[in-house]
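Notes follow once the structure below has been shown.
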Amino acid sequence: GLWQVLLQPTWRKIMLPRELFFVSHGESEGNIANSRSRKGDHSDFTFDFMHRHSTDLRLTYKGRAQAKVAGDWLRKNTLGFDAFYVSPYARSLVKSSILGLPDGIWNVDHRLRERDHGSVDIIPNDLRIKIMAEYTRFLDFRPYHYFYTPLPDGESICNVIERLRSFVDVLDRDIPIRRAIIVAHGDVLQAFRVILEKILPDHYHKLKEEDSADFRVGNCQVIHYTR
């Protein structure tokens, strides 16, 4: 049979900017700590580190250097921007300032914040594995769905998409925005891809389950959409 997915009301057409640039933040303290922990070194996860909120995690020196390289590339390869949006988290705010974009008056929007990782945020990898295993048992062995299932005490990617849809409406204005740039986080950029590319939930699940290289978001990665 024929399946028709209605993604927007038929009486209203979203008119997005001609060009949208999404940029992930550079390497952060959390990235380094998690990378080492996955290799068995949990030394970064001190009491003080684990009792910080994710919003306070900073860019590393490498992350700042990555942001400068990204800024150089954007200034060289774009015609400038009419609108600038950034997540309120420290690593994104610092990234936006280091980009050094002309006329960069940044709008801080809380809807661009990182996905809430709940009780598995800022903890060593071995503890994360234990919590996720217990969480799966709590779900009564139902399959974990990367789109619908929330992290323990946190958000699902579906939750992130719901808050981002209202942000997409911000870009649909009476005064046309030709080019906009958004600095945010990996899961947020993937959620935007779901919205803009109309990726269905089960396809998203498959992309995450297979850890598709085409769907990963690296530090300071630039994603460009144009119409």
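The values are calculated or read from the model by the stated rules, or taken from the named source; none is laboratory data. Please read all numbers here as calculations on a predicted model, not as lab measurements. Glycine also receives a Cβ, built like all others from the backbone with ideal geometry; neighbour counts cover every protein chain displayed. Just the protein is used for accessible areas: all its heavy atoms, side chains included, with ligands, DNA and RNA removed. Shrake-Rupley method; radii C 1.70, N 1.55, O 1.52, S 1.80 Å.
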log10 I(q)/I(0) for region 175-214, Debye formula on C-alpha points only (no solvent), q = 0.27 Å⁻¹, two decimals, reads -1.01
Per-pair calculated FRET efficiency, R0 = 35 Å: His145 and Arg64 via Cβ, rounded to 0.05
0.45
Simple SL model, points at 7 angstrom along Cα→Cβ for Ser119 and Glu210; separation in nm is 3.3 nm
Can you list, largest first and rounded to whole Å, the semi-axes you get for region 37-151 by taking the square root of 5 times each eigenvalue of its Cα gyration tensor?
34, 18, 13
List nothing, just return the count: lysine pairs in the chain, 8 or more apart or interchain, with Cα separation under 24 Å.
13
Yeah, region 104-227 with a ≥ b ≥ c from its alpha-carbon gyration tensor (a/c under 1.5 is rounded, else prolate when a/b outruns b/c, oblate otherwise) is prolate
Normalised by the number of residues in region 41-95, what is the relative contact order in percent for Cα pairs under 8 Å and 6+ residues apart?
54 percent
Specify whether the C-alpha gyration tensor of the chain places it in the rounded, prolate or oblate class, a ≥ b ≥ c being the square roots of the eigenvalues: rounded for a/c under 1.5, otherwise prolate if a/b is larger than b/c and oblate if not.
oblate
Name the residue, out of His117, His53, His25, whose mean-square fluctuation peaks in a Gaussian network model built on the chain with Cα pairs under 10 Å.
His53
Part-to-part distance (alpha-carbon centres) for region 144-188 and region 24-99, which is given in Å
19 Å
I need the peptides 160-166, 39-45, 62-68 ranked by packing, meaning the mean over residues of other C-beta atoms within 10 angstrom, with the highest value on top.
62-68, 160-166, 39-45
If you take every DSSP beta bridge whose two residues both sit in the chain, what share of them, in percent to the nearest 5, is antiparallel?
30 percent
Counting only backbone N atoms under 18 Å from a point 7 Å out along Cα-to-Cβ of Ser43, the residues of region 112-126 in range are 124-126
Per residue, how large is the accessible surface of the chain? Use a 1.4 angstrom probe and give square angstrom.
58 Å²
